[in-house]
Amino acid sequence: MFDELKLKQLRAGVVMNGRKYGPYSIEIENRQNTNTWLNMKLYEGKNNEIRRVMRKFSLRVNRL
């Protein structure tokens, strides 16, 4: 479940394995049942960055 706490943490950015990911500009586009559609802006992209960051928050990416 995507909540405001996760949104705030994602916006600030995260550190995983010594690497800094983010900060991100994130807007919630839509919510449907168990899905939440986000609009994310990356300032520097790394391979599969969005999937890795979302996995850290126990969120699954269906489509990019």
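The values are calculated or read from the model by the stated rules, or taken from the named source; none is laboratory data. From a predicted model like this one, the values you see are computed outputs, not experimental measurements. Cβ sites come from the backbone with ideal geometry, for glycine too, and all protein chains shown count toward neighbours. All accessible areas refer to the heavy atoms of the entire protein, side chains included, with ligands and DNA or RNA removed. Shrake-Rupley method; radii C 1.70, N 1.55, O 1.52, S 1.80 Å.
Could you order 53, 61 so the one with the most accessible surface comes first? Probe is 1.4 Å.
On the way: 53 0, 61 30 Å².
Result of the area sort, largest leading: 61, 53.
Solvent-accessible area per residue for the chain at a 1.4 Å probe radius, Å²?
79 Å²
Please find, in a Gaussian network model of the chain (springs between Cα atoms separated by less than 10 Å), the residue of 45, 22, 13 whose mean-square fluctuation is greatest.
For the chain, modelled as a Gaussian network with Cα springs under 10 Å, the answer is 45.
Arrange the residues 24, 43 by how much accessible surface each exposes, largest first, with a 1.4 angstrom probe.
Largest accessible area first, the residues go 43, 24.
Show me, for the range 39-47, the HN-Hα J-couplings you get by feeding each phi into the Karplus relation (A = 6.51, B = -1.76, C = 1.60, θ = phi - 60°), rounded to Hz, glycine and proline as x.
Along the range 39-47, the couplings run 10, 10, 10, 9, 9, 8, x, 10, 3 Hz.
Could you order 8, 46 by accessible surface area, starting with the largest, using a probe radius of 1.4 Å?
8, 46
Within the set of other residues whose C-beta is less than 10 Å from the C-beta of residue 46, count the net charge using Lys and Arg as +1 and Asp and Glu as -1.
Net charge in that neighbourhood comes out at 0.
In the chain, what percent of the accessible surface is made up of carbon and sulfur (1.4 Å probe, ligands and nucleic acids excluded)?
With neighbouring chains kept in place, the figure for the chain is 44 percent.
Quick one: which residues, 5 or more positions from residue 13 or on another chain, have an amide H under 5 Å from its amide H? H modelled 1.01 Å from N in the peptide plane, none for Pro or chain starts.
24
Which one is right for this structure if Rg/Rh (Cα atoms, Kirkwood Rh) is calculated from it: [x] 1.21; [y] 0.93; [z] 1.03?
Checked against the structure: label [y].
Comparing 51, 31, 19, which has the greatest mean-square fluctuation in the GNM of the chain with Cα pairs linked when under 10 Å apart?
Greatest mean-square fluctuation among the candidates belongs to 19.
Can you send over the solvent-accessible area of residue 16, 1.4 Å probe, protein chains only, in Å² to the nearest 10?
For residue 16, solvent-accessible area is about 30 Å².
Return the sequence-ordered ³J(HN,Hα) values of the range 22-28 in whole Hz as given by the Karplus equation 6.51 cos²θ - 1.76 cosθ + 1.60 applied to θ = phi - 60°, using x for Gly and Pro.
Couplings: x, x, 10, 9, 10, 10, 7 Hz.
Per-residue ellipticity at 222 nm for the chain, helices alone: DSSP H runs ≥ 4 residues times -39500 (n - 2.57), over residue total, nearest 500 deg cm²/dmol?
Mean residue ellipticity, 222 nm, calculated: -7500 deg cm²/dmol.
Looking only at 35, 17, 47, which one moves most when the chain is put into a Gaussian network model with springs between Cα atoms under 10 Å?
17
Could you work out how far apart the two model spin labels at residue 37 and residue 20 are, taking each label as a point 7 Å from the Cα in the direction of the beta carbon, and quote it in nm?
3.3 nm
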